[in-house]
Amino acid sequence: ALTERADEAEQMAKIVKMLSMSVESPLVVDSTEASVIEKALEHIPGRAIVNSINMENGRKRIDAVVPLCKKHGAAVVALTIDEIGMAKTRERKLEVARKIHDIVVGEYGLVPADLIFDALTFTLATGDAEWIDSAKETIEGIRLIKRELPGVLAILGVSNVSFGLAPEARAVLNSVFLHHCVQAGLDAAIVNPAHVTPYAEISAEERELADDLVFNKRPDALQRFIEHFDVGGRKADAGAEKEDPTAGLTPEQKVHWMIVHRKKEGIEAALDAAQVREHPVRVLNEVLLPAMKEVGDKFGAGELILPFVLQSAEAMKKAVRHLEQFLERTEGYTKGKVVLATVYGDVHDIGKSLVNTILSNNGYTVFDLGKQVPVNTIIDKAIEVSADAIGLSALLVSTSKQMPLCVQELDKRGLKVPVLIGGAAINRRFGRRALFVEGERPYDAGVFYCKDAFEGLETMDTLQDGDRRLKLVSRNLDEARTDVFLHTKVGKDTRSGDAGGERSAISADNPIPAPPFFGTRVLRDIPLGEVLDLLDLDELYRLQWGGRGSGEAYNATVRDVFEPTLARLKAEALRGGWLEPRAVYGYFPVQTQGNALIFYDPAAYRSDGGSLREIARFQFPRQEDRERLCLADYFRSVDSGEVDVAALQVVTVGDSATRRFDSLQASDQYTEAYFSHGVAVEAAEATAEWMHRRIRRELGVPPSAGKRYSWGYGACPDLDDHAQVFKLLPAESALGMQLTSAFQLVPEQSTAAIIVHHPAAKYYAVRGEVGAAPGSPAPVRGASEQVA
């Protein structure tokens, strides 16, 4: 609310309605006026959160707000404040929370999970005796509330605890306090990501200083904490000579340390000192494998980003290569044999390659069959090598269907090989469903979903241990049989997003731009330097290269690792040509009919004075609610008597990037392969953006007008449409591209898109993606996995 405005309700309604169209996450509505909250809730189609209620004026606020929450299905934040004031002790926090709970749950009938309690926290920066125990009381207050009022949730404005301290000190205190609150049961935290340091990256010394302050362990805790973060205080020993971090460690401990800390230089000598020549199996099982397990644990806990994991894997590979020469006459040193494959029709194998890296560096013999591998080839290889397990990867919903087919074929042949599955397209429920081969009869050997390479490793280790294997197979089957969804909704038609009927309110009076030509053109000399200037660095660093966190820790990773790596890869691409941006694009006369966009023959349109001969028709889904948007609505209809124009584009950076990745993987340069793959994917996206900008210029539309939509997302989810795009554009003959059986683009680092020039065009979701039932795998994604 703004004090100078009197139309809070109207403004709230407008902003909530606008956000509800584009934001899928729940909105939190905050106002002192119940009438304003009501206006907001009326315009939120899903579930909202109301902030907030308390008992400062008795029941007045609760009685005004809670009925609105119940009517509209909203959750509500409740502050532990009553007529006495803000609750400071754990007992008072519980007392106020219980009173609110009794009214909201007992009288109004909301469920406990609709209540999100804020137990309040206060700054520790003053040193005031009244507040010196406040952080500890908040932590214990959260614990009490969660224990005594089962089902309720807890939220906290975490950074209040450090208000008044220096930024570096705040980041540490916020993180340590947040860690303890989560352990006490905190469900949600209000934080500024820039003011939190990842807990695992805080030194033991600073954790102790923060703990002393949070739990009031010593009278000088605040003074010591502040002094430590004084200007230059943390850098006083920066000029001191660095000590050897492995000094005092045993030879075995030194090898372990080198793997965990990604130090591969000199690891052969360290292994020799650890008696690898005399006892190779012991060194493998008791030194190297536990070190990689620690790396996996740190990755799972968010303490390591993926490039650092791969650097440890490179050190491990070097160690294993040295160790293997002493294992040649030692039988039984392999932990097991695994056949890996990306399923037929799917060209994406970065995830599968990571699984290969982790398994092979943890004692397993891996037979990687590559990508687009038919079921029979996979099974025949498993029989040939007597595989202990089969690992299958898929990116798309469409290609993931190969996984249950493989399980069914194994069952038909009477084979009992466990199947591990993973990939962006699938989830744990998909794995449970694939377990059943005939009605309720399960595949005896088991189907196991693994969310990442380290869960795959853990699953393999369990399957190779007799007793643990039986327990895992039994638990996996029990979970599948008790999954209510699988046995009540599977097979039901839950398609949505293909609504007919009423058109959206998109205007049809926008000017139709004149294209420079009708037909297609090929661009084989797109300037690589211009493309690289368009790289989305945030997408590259966080999505492709696995950057995590925020603040100084993340900035240091960007500064010390990502930026130098990117500069080097850019220079190598410009010098060596392993990125080759090329494109085909074209302009076509179009009209719409219902949800369909009709493409006409550009040659007939040019030569026969506007003759309209249909050559392709794209059917797009329509929203069933909200604005009822459909891509077809952005173009003139057949009833209008006007002919519109649409542009199509297909871009690629060539197959040299794929060959580079395969070569680096084969030579155990896992980190370099990972970084190169990320740059190639983002370079394809940057090429698409370069091409889109050219089309805007040629059409004479402003840089901000229109949008580019790639197939695989809500507005145009069907990858099958790539087949029509390839008929309209000479991507095969001009660029040497292909489509897989699942209509994915080859080379992998390629994208296809339709360009919409309408000024009102925007990105939107179609609820219940076509072909995806509730609880089913994620919607299909475009070839580059990036939103256009």
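Observations
- Each residue of the range 134-143 is assigned a 3J(HN,Hα), and the resulting list reads 5, 5, 4, 5, 5, 4, 6, x, 4, 4 Hz, derived from the Karplus form 6.51 cos²θ - 1.76 cosθ + 1.60 (θ = phi - 60°), x at Gly and Pro.
- Accessible heavy-atom area order of Val65, Val561, highest first, probe of 1.4 Å: Val561, Val65
- Derived scalar couplings between HN and Hα for the range 692-709 equal 4, 5, 5, 5, 4, 4, 5, 7, x, 9, x, x, 8, 8, x, 8, 10, 10 Hz in order, rounded to whole Hz, by the Karplus curve 6.51 cos²θ - 1.76 cosθ + 1.60 (θ = phi - 60°), x for Gly and Pro.
- Accessible surface of Thr32 - all protein chains present, 1.4 Å probe, nearest 10 Å²: 110
- In loop segments of the range 126-164 as defined by DSSP, the GluC sites (Glu not before Pro) with at most 10 further C-beta atoms inside 10 Å of their C-beta are Glu130.
- Near Asp368, the amide H atoms lying under 5 Å from its own belong to Leu340; only residues 5 or more places off or on other chains count, and H is placed 1.01 Å from N.
- Cross-link pairs Lys264/Lys352; Lys293/Lys352; Lys99/Lys146; Lys88/Lys146; Lys17/Lys762; Lys727/Lys762 - those with Cα-Cα distance over 21 Å: Lys264/Lys352; Lys727/Lys762
- Net charge in the neighbourhood of Arg92 (other residues with Cβ under 10 Å of its Cβ; Lys, Arg +1, Asp, Glu -1) is -1.
- Each residue of the range 160-167 was assigned a 3J(HN,Hα) from its phi angle through the Karplus expression (A = 6.51, B = -1.76, C = 1.60, θ = phi - 60°), giving 4, 5, 10, 4, x, 8, 5, x Hz with x at Gly and Pro.
- By the helix-only formula, in which each DSSP H run with n ≥ 4 contributes -39500 (n - 2.57) and the sum is divided by residues, the chain has a 222 nm mean residue ellipticity of -12000 deg cm²/dmol.
- On the beta carbon distance between Lys99 and Asn57, with R0 = 22 Å, the FRET formula returns roughly 0.95.
- For the chain, the solvent-accessible area of protein heavy atoms averages 44 Å² per residue (probe radius 1.4 Å; ligands and nucleic acids excluded).
- Accessible heavy-atom area order of Glu438, Glu33, highest first, probe of 1.4 Å: Glu438, Glu33
- Carbon/sulfur fraction of accessible area - the chain, other protein chains in place, 1.4 Å, %: 50
- The distance from the alpha carbon centre of the range 404-430 to that of the range 29-60 is 48 Å, rounded to a whole number.
- These residues, Leu94, Leu612, go from largest to smallest accessible area, 1.4 Å probe, as Leu612, Leu94.
- Given a 1.4 Å probe and the protein chains as shown, Asp272 ends up with an accessible area of around 50 Å².
- With a cut-off of 10 Å between beta carbons, the residues surrounding Glu314 carry a summed charge of +2, where Lys and Arg count +1 and Asp and Glu -1.
- Option label - semi-axes √(5λ) of the Cα gyration tensor in Å computed here, alternatives (1) 39, 36, 26; (2) 44, 41, 28; (3) 45, 31, 24: (2)
- Full extension of the chain segment joining Leu19 with Ala247 gains 76.3 nm, where the gain is 0.36 nm per residue of separation less the Cα-Cα distance.
- Given a 1.4 Å probe and the protein chains as shown, Met292 ends up with an accessible area of around 0 Å².
- Stretched out straight at 0.36 nm per residue, the stretch from Glu278 to Asn376 would grow longer than its current Cα-Cα span by 31.0 nm.
The values are calculated or read from the model by the stated rules, or taken from the named source; none is laboratory data. A quick note: this is a predicted structure, and the numbers were derived from the prediction, not measured. Glycine also receives a Cβ, built like all others from the backbone with ideal geometry; neighbour counts cover every protein chain displayed. Side chains included, ligands, DNA and RNA excluded: accessible areas come from the protein's heavy atoms. Shrake-Rupley method; radii C 1.70, N 1.55, O 1.52, S 1.80 Å.
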